[in-house]
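A short worksheet on the structure shown next.
The values are calculated or read from the model by the stated rules, or taken from the named source; none is laboratory data. Treat the numbers as computed from the prediction; the structure is a model and nothing was measured. Backbone-built Cβ (ideal geometry, glycine too); neighbour counts: all protein chains shown. With ligands, DNA and RNA removed, areas are computed over all heavy atoms of the protein, side chains included. Shrake-Rupley method; radii C 1.70, N 1.55, O 1.52, S 1.80 Å.
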Amino acid sequence: FWTTRSLEAALTATTPPSVDGFDPLDPETLQCPYPWHRSLRERAPVHFVASRGMWFVTSRELVAKALADHDTFSSAFGLPQMPVPDSIKAEVEAIQAEGWPPVPTLLTADPPEHHYYRRMLAKAFTPRFVAQLEPEIRAIARELVAALPVGAEVEVVRGFAAPLPLRVIARVLNVPDDRIDDFKRWSDQFTATVGGQLDDAGLLEQARNMVEFQKYFAAELDDRRAHPRADLLSGLVTAHSMDDADEPLSTGAILNIIVQLLIAGNETSTKLLTGILHELAREPKLWDRLRDNPIDYAADLVEEGLRFLSPVQSMFRITKAEATLGEYTIPAGQLVVLVFGSANRDDEAFTHPDDFDPARPNAKAHLAFGAGIHACLGAPLARLESRIALEELAARFGSVRLGAGNDFAYEPSFMLRGLQRLALEFGAD
Ligand code: HEM
């Protein structure tokens, strides 16, 4: 049956297997991708997914390897968006022409550009800066918690998990309260095509929103150039460009940084908080533990929430040269999907990985914030605001349970995962 040559070839095979029938955008897969991840991992940690022409890396070990090898696995893949169909390309481009062309900075840049922008932002996002935000984050959380009803059903994405990080990042970017709704709309519009799909009308609406966003912030930047203040935007307008120390940073580059902070700093944390609240509502013992020991337990819940939920389910890379991952070879120029959601539930790294267990000793080994040069810049802020949110909820409410009006539908994206809505009922005791 096996000739010596075919056996040899099988043993030294370097081409990853191809999977048919797996579509990351299939509605059922988006609703719950974990059985698919498991079946992919069990067959091989690297697969070519023919339906989308992408390579999926699913084991913790190989996702970490690819993250560490940024020379081969490039982040310069453009925006992580689905392509615009030819039929409306010209119309979309005409709208975009009114704004600023994208300048890759952090998430979608490689060194040396990445290094330059990262260092600049890291100077602003210091532990001190994040720590200084604590009183304000707590005040926002307290105000939102106070508005939640006792003994009545409330939809907590809209009522809590979305406004908290949105208002925090708006505070970081000094967006006034009366523009918060616009800020939310822009963020929703940006993320609609991150690992998901829009129809033609939706794509045109998205392009219009992006230009509106750009014009708003370009005016804010002009204001900071004329009247600098002690804020992040003023810091960005006084920074110099990478190529010329006499030239200021371009408006296009600053707008790109702002978009990344807006999306990364808001949708992800919303999804994390919502998912943790869902787990708390499912298991009353967890809420009791949080009430007994809010400070330590909130931190454990956040860490296990990051592992278990992986709000950023996956990120793209593009192979700059032929790449070797473990025993597999991926040709140059291929789109590779690093599936954090799968890596974080790999049995090789975590015992009973499909259980939500805040007591697990090694939850921190997750890759929910990525790793390497692109590791999440906002991780300390995300941890802090999620922890404060849980502490404040536990200080006011004695219990939480699932409301009756839940459909448990997830956002239709394979890159950002989270419940669209979550109805909960908080109890006084
Ligand atoms: C990068 C996850 C919150 C800003 C990343 C990456 C992941 C991630 C996985 C790496 C992407 C890659 O390797 O290509 C998350 C999660 C969050 C969160 C799960 C919340 C639960 C935040 C917040 C901010 C932020 C609050 C900012 C205020 C960024 C930025 C990058 C990044 C700027 C790009 C860094 C670079 O390319 O050097 N995040 N993030 N994130 N995150 Fe976060």
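Here is a list of conditions, (1) modelled with pLDDT of 95 or more; (2) away from the ligand (no atom under 15 Å from the Cβ), and ILE295 meets all of them except one; can you say which number that is?
Tallying (1) modelled with pLDDT of 95 or more; (2) away from the ligand (no atom under 15 Å from the Cβ), ILE295 fails exactly one: (1).
Among the residues that make up region 100-116, is at least one of them open to solvent by 10 Å² or more (accessible area, probe 1.4 Å), acidic (Asp, Glu) and within 11 Å of the ligand (Cβ to nearest atom)?
Yes, some residue in region 100-116 is open to solvent by 10 Å² or more (accessible area, probe 1.4 Å), acidic (Asp, Glu) and within 11 Å of the ligand (Cβ to nearest atom).
In region 267-362, which helices (runs of 4 or more DSSP H) lie fully inside it and hold 2 or more residues that are surrounded by fewer than 14 Cβ atoms within 10 Å (Cβ to Cβ)?
284-292, 294-309
Just checking, how many residues over region 410-427 are at pLDDT 95 or above, assigned to a loop (DSSP other than H, G, I, E, B), open to solvent by 10 Å² or more (accessible area, probe 1.4 Å) and within 16 Å of the ligand (Cβ to nearest atom)?
1
Could you list, in sequence order, the residues of region 150-162 that are part of a helix (DSSP H, G or I) and either within 17 Å of ALA394 (Cα to Cα) or of a type in the set (A, V, I, L, M) (or both)?
Selection gives VAL156, VAL157, GLY159, PHE160, ALA161.
Going through region 292-349 one residue at a time, which ones are in contact with a helix residue (DSSP H, G or I) (Cβ under 7 Å, 6 or more places away or on another chain) and of a type in the set (Gly, Ala, Ser)?
Within region 292-349, ALA298, ALA299, GLY305, SER310, SER314, GLY326, GLY341, SER342, ALA343, ALA349 qualify.
Determine if region 129-149 includes at least one residue that is under 19 Å from ALA394 (Cβ atoms), within 16 Å of the ligand (Cβ to nearest atom) and aromatic (Phe, Trp, Tyr).
no
Looking only at region 363-377, which residues are more than 9 Å from the ligand (Cβ to nearest atom) and open to solvent by less than 20 Å² (accessible area, probe 1.4 Å)?
ALA363, HIS366
Restricting to region 117-128, count the residues that are within 14 Å of the ligand (Cβ to nearest atom) and either surrounded by fewer than 17 Cβ atoms within 10 Å (Cβ to Cβ) or free of Cβ contacts under 8 Å to residues at least 40 places away in the same chain (or both).
Number of matching residues: 6.
Looking at region 396-409, is at least one residue touching a residue at least 12 places away in the same chain (Cβ under 8 Å), surrounded by 15 or more Cβ atoms within 10 Å (Cβ to Cβ) and within 16 Å of the ligand (Cβ to nearest atom)?
no
Consider ARG387 against the criteria (1) assigned to a loop (DSSP other than H, G, I, E, B); (2) open to solvent by 20 Å² or more (accessible area, probe 1.4 Å): it satisfies all of them except one. Which criterion is unmet?
(1)
Anything in region 227-266 that is more than 16 Å from the ligand (Cβ to nearest atom) and buried (at least 21 other Cβ atoms within 10 Å of the Cβ)? List them, or say none.
none
Looking at region 58-81, can you tell me whether even one residue there is free of Cβ contacts under 8 Å to residues at least 40 places away in the same chain, over 18 Å from the mean Cα position of the chain (by Cα), in a helix (DSSP H, G or I) and over 18 Å from LEU261 (Cα atoms)?
Within region 58-81, not a single residue is free of Cβ contacts under 8 Å to residues at least 40 places away in the same chain, over 18 Å from the mean Cα position of the chain (by Cα), in a helix (DSSP H, G or I) and over 18 Å from LEU261 (Cα atoms).
Could you check GLY159 against (1) free of Cβ contacts under 8 Å to residues at least 24 places away in the same chain; (2) within 15 Å of the ligand (Cβ to nearest atom) and say which number it fails?
Every listed condition holds for GLY159 apart from (2).
For region 205-216, what are the residues that are under 15 Å from ILE254 (Cα atoms) and over 22 Å from the mean Cα position of the chain (by Cα)?
VAL211, LYS215, TYR216
Using beta carbons and a limit of 9 Å, which pairs, at least six apart or on different chains, have the first residue in region 178-198 and on the phi > 0 side of the Ramachandran plot and the second one modelled with pLDDT under 85?
GLY195/PRO24; GLY195/LEU25; GLY195/PRO80; GLY195/GLN81; GLY195/MET82
What helices (runs of 4 or more DSSP H) completely inside region 163-253 contain at least 2 residues that are more than 30 Å from PRO412 (Cβ to Cβ)?
200-226, 232-238
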